[in-house]
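The next block holds one structure in the form of structure tokens; read it before the comments.
The values are calculated or read from the model by the stated rules, or taken from the named source; none is laboratory data. As the structure is a prediction and not an experimental result, all values here were calculated from the model. Cβ sites come from the backbone with ideal geometry, for glycine too, and all protein chains shown count toward neighbours.
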Amino acid sequence: MVSPLYRWLKIAVINLLIVATLGVVLRYKILFPLPFIDQKHLLHGHSHFAFAGWITQALMTLLVIYLALQTEKPVYKKYRWLLAANLLTAYGMLIAFPIEGYGLYSIIFSTASILVSYVFAVYIWRDLNKLETRSPAHAWFKTAVFYNALSSLGAFALTIMMVERVIHQTWYLAAEYFYLHFQYNGWFFFGCMGLFTALISRFNVSKESLKNIFRLLAFASVPAYFLSTLWMPMPIWVYILVVLAAFAQVIGFIWLVNIIKEKWEDVSEYFSFTAKCIIGLSAAALSIKLLLQLGSTIPVLSTLAFGFRPIVIGYLHLVLLGVISLFLLGYIFSEMQFNLSKSTTAGLFIFAGAVILNEIVLMVQGVAAISYNTIPFVNEILLGTAILLFTGALLMSFAKRNNSQN
């Protein structure tokens, strides 16, 4: 039974609205006093809820929908409690982190979220193995949930350091980037790629080519972690492996683009103009991300990139908003039977435009910081982009199902 699962997608989109709302508050507090809000604590709540309440909730639901469409066996009842548990832990972190930062309750909810991801990974892995039809997408899905579980090692390391109040800067950053890498470039990216692979498999694409692209990117995913730690001393052989991983990711992406080009006539007819624009922007953001990663293998550029906070923030937003969020929104509103009304379409384009503007401003701010210059009214502009992101998310949250209302 698939229908009840669409309600969970609706909840995920509403959660995106909450994420955008917190973003507005964070940007507002930079400019104006809000003494009752701790900026750092709210930032933790914002990021944890974005990961668990928006991206993870959406991906979990989409993976369960995929299973439901592939088998006649009922799967909703089996996964309903996991979707509810993940949502509960996400809201728990949303409340606890802004109040206490890394405290007892926030750690309890974040740990519970990790435990939910473990159980979900086991369930999905087993159910994918039970499917009669084998798809190249299954390897992406299995790797995605594995990396979601693996990323928890970084989260546990951070929690231990915070609780024990023994923080070595190098190890703290290494643990933080470990968690972020296997979330952004593992769970999020491989989950989205699995959905996209399942989608383009409809157009008689060579399964062997799709499998080879997976193998190439899967090979690159682990050493690519060290792209985030190039500021640390490392053996030359590790550095060479990192450079090869960066090249492998670019090659895999070019290979995938060429496959789509070959089937473009069929693909173009299948997608609406709006879906092509939104998913196309996600692909453009991915290409920029991969080129930035390749450029970061040059030591001088790596030092500059990691030495200035606006550049790091811009890069993280490029991945989370530009690559992952735009893809998920494009996929949900093109594949998941949601009605693309005028307001929903406007919301999608406003959100996408705000993502582009946000990235431009952050990168300009970062480049200016390298030369120790400041951009006038940059925080006011970023507050404006946050309001646009909120507006786009608000309009999208009103979306209805094509067949029935949620």
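Scanning the stretch 214-229 for residues that are more than 30 Å from Ile313 (Cβ to Cβ) and either touching a helix residue (DSSP H, G or I) at 6+ places or on another chain (Cβ under 7 Å) or touching a residue at least 24 places away in the same chain (Cβ under 8 Å) (or both) turns up just one, Phe214.
Out of all the residues in the stretch 235-261, which are aromatic (Phe, Trp, Tyr) and under 16 Å from Ser221 (Cα atoms)? Across the stretch 235-261, the qualifying residues are Tyr239, Phe247, Phe253.
For the stretch 219-240, filtering for residues that are surrounded by 17 or more Cβ atoms within 10 Å (Cβ to Cβ) and part of a helix (DSSP H, G or I) leaves 9. Exactly one residue out of Gly92, Gly101 is on the phi > 0 side of the Ramachandran plot and not aromatic (Phe, Trp, Tyr): that is Gly101. Taken over the stretch 56-78, the criterion of being assigned to a helix (DSSP H, G or I), surrounded by fewer than 20 Cβ atoms within 10 Å (Cβ to Cβ) and β-branched (Val, Ile, Thr) is satisfied by no residue.
Could you tell me whether the stretch 177-198 includes any residue that is among the β-branched types (Val, Ile, Thr) and part of a loop (DSSP other than H, G, I, E, B)? No, there is no match, as no residue in the stretch 177-198 is among the β-branched types (Val, Ile, Thr) and part of a loop (DSSP other than H, G, I, E, B).
Can you tell me which residue among Ile370, Ile387 is within 22 Å of the chain's Cα centre (by Cα) and either at pLDDT 95 or above or surrounded by fewer than 16 Cβ atoms within 10 Å (Cβ to Cβ) (or both)? Selected residue: Ile387, the only one of Ile370, Ile387 that is within 22 Å of the chain's Cα centre (by Cα) and either at pLDDT 95 or above or surrounded by fewer than 16 Cβ atoms within 10 Å (Cβ to Cβ) (or both).
The residue list Gly45, Gly23, Gly53, Gly92 contains one member that is free of Cβ contacts under 8 Å to residues at least 24 places away in the same chain, part of a helix (DSSP H, G or I) and surrounded by 19 or more Cβ atoms within 10 Å (Cβ to Cβ), which is Gly92.
Cβ separations smaller than 9 Å between residues 6+ apart or across chains give the following pairs from the stretch 326-340 residues that are at positive phi and surrounded by fewer than 20 Cβ atoms within 10 Å (Cβ to Cβ) to residues that are of a type outside the set (S, T, N, Q) and modelled with pLDDT of 80 or more: Gln337/Tyr6.
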